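**Student:** Can you keep this structure in mind? I'll have questions shortly.
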């Protein structure tokens, strides 16, 4: 019965479904001297875990401390300068865009006014040529009168 229970726990262990208590039960079982032949392959796995718990890290870990001074300050000032330049660029770009838009509006207004003036000139010129047609008839009639005499 115990062997069936251990085999079920091993299946759960390899599916990552065991609890901490069940894993301790497996470690205790595999630390015994008498283990069936079909489970001998798992002994190094659980004995390794016992050995791994005993290991300790003995080297010193040196943490670098942040030095306050020129490097950090320089980075801060460069960030501020970049932000100021970015805002200045956006402002100048907006101003340039607004000036170009105003210039285009003024050019469009001047074009429309010129077009109106030329249309009016064209209409007056047309009326003038009609009047010239009447004058031409007067000149022709005058020449007929003078030529008969």
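Any read-out appearing in this document is the output of simple, stated calculations on the displayed coordinates, not a laboratory observation. Please read all numbers here as calculations on a predicted model, not as lab measurements. Note that we place each Cβ from the backbone using ideal geometry, even for glycine, and neighbour counts take in every protein chain shown.
**Student:** Relative to the longest principal axis of the C-alpha atoms of the chain, give the angle of the C-alpha long axis of helix 70-148, reported between 0 and 90° and rounded to the nearest 10°.
**Tutor:** Value to nearest ten degrees: 20.
**Student:** While we're on this one: Looking at the chain from every direction and averaging, what is the projected area of its Cα convex hull in nm²?
**Tutor:** Numbers: hull surface 123.6 nm².
With the hull built on Cα positions only, its mean projection is 30.9 nm².
**Student:** Please give the contour-minus-distance gain from residue 55 to residue 126: 0.36 nm per residue of separation, less the Cα-Cα distance, rounded to one decimal in nm. Mind showing how you got there, number by number?
**Tutor:** Numbers: separation 71, 0.36 × 71 = 25.56 nm, distance 10.97 nm.
Net length gain for the segment: 14.6 nm.
**Student:** Here is a further query. Any idea what angle helix 2-14 forms with the longest principal axis of the chain, computed on alpha-carbon atoms, 0 to 90 degrees, nearest 10?
**Tutor:** It is inclined by approximately 20 degrees.
**Student:** Let me ask something additional. Please work out the Cα center distance from region 84-112 to region 122-147, rounded to the nearest Å.
**Tutor:** 54
**Student:** OK, next. For the pair residue 2 and residue 63, how long in nm is the line joining their label points, each one 7 Å along Cα→Cβ?
**Tutor:** For residue 2 paired with residue 63, the spin-label model returns 4.8 nm.
**Student:** For an R0 of 41 angstrom, estimate the FRET efficiency from the Cβ-Cβ distance between residue 43 and residue 72 and round to the nearest 0.05. Mind dumping the intermediate values first?
**Tutor:** On the way: r = 55 Å, r/R0 = 1.35.
Result of the calculation: an efficiency of 0.15.
**Student:** Helix-only mean residue ellipticity at 222 nm, the chain, DSSP H runs n ≥ 4 weighted -39,500 (n - 2.57), per residue, nearest 500. What is it?
**Tutor:** When only DSSP H runs of four or more count, the value is -28000 deg cm²/dmol.
**Student:** Under a point spin-label approximation (7 Å from Cα along Cα-to-Cβ), what is the residue 112-residue 96 distance to one decimal in nm?
**Tutor:** Reported label-point gap for residue 112 and residue 96 is 2.9 nm.
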